[in-house]
Amino acid sequence: MALGAYLASNIYQGEMMELPQYRDIETIFEICIDEAKKSPCPKRKFGAVLVKDGEILGIECNRFVPGMEFICQDRCIRLNMPSGVDSMVGSCGHAEEWLIYEALKNGINIEGSDIYVAGILGDGTYLKKSEPAFYCMRCAMAMLRVGISGVFVPKIEGGWHYLSSNDAIQSAYNFAIGKEHA
């Protein structure tokens, strides 16, 4: 079974999802947000969709890495930390990472695919950006390493900003050194 059939049938409400146009803005945004709502993270919930040639290959949210839940068992360790810093601290794998790990684990070629990612703050506010920006060096490096073409992040005014994986690395680097701000 292809990863698309496996992940979409097992993770997104038991249905195989196919998008004739993989830039179907509203449908992909809704899927990202629906998936983000499943995240156990009290600070920021993210949902991500992996798309290649118009087909959804996977849908994931940020969630605990098995065996690491104890780090945030009583209270999320990241609640008092600024977002985007010390990304290695915590017990959740990022939605983008889960997409990549599950695809590779299942032997699926994801080279040339794109990731759409959208998030929700703890207060329920959707995370949208006025300019193309990607802040996680950890995820940007993973995307570049496995051949993901790029990442789409939601615009404030609707639609998506696109960053190639190289641009995502540069954006994350600029954020890390203080040249860009969330």
Completion exercise
So for R0 = 25 Å, FRET eff. of Ile177-Arg145 from the Cβ-Cβ r, to 0.05, ends up at 0.75
Fill in the blank from the handout: Flagged as over-length at 20 Å C-alpha distance, from Lys52/Lys129; Lys43/Lys105; Lys45/Lys128; Lys37/Lys128; Lys38/Lys155, the pairs are Lys52/Lys129; Lys43/Lys105; Lys38/Lys155
Exercise for the section: Give the shape of the range 124-182 as rounded, prolate or oblate, defined through the alpha-carbon gyration tensor: a ≥ b ≥ c are the square roots of its eigenvalues, a/c under 1.5 means rounded, and otherwise the shape is prolate if a/b is larger than b/c and oblate if not. Expected result: oblate
Problem - Among 152-158, 50-56, the order from most to least packed when residues are scored by Cβ within 10 Å on average - result: 50-56, 152-158
Exercise for the section: List Thr125, Thr27 from most exposed to least, where exposure is judged by having the fewest other Cβ atoms within 10 Å. Expected result: Thr125, Thr27
Completion exercise
Neighbour-count ranking for His181, His94 (other C-beta within 10 angstrom, fewest to most) reads His181, His94
Fill in the blank from the handout: At R0 = 22 Å the Cβ-Cβ FRET efficiency linking Asn166 and Lys105, nearest 0.05, sits at 0.30
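Every number here is computed from the coordinates shown, using simple stated rules; none is lab data. Since this is a predicted model, take the numbers as computed values, not measurements. Using ideal geometry, Cβ is built from the backbone for each residue, glycine included, and neighbour counts are taken over all protein chains shown.
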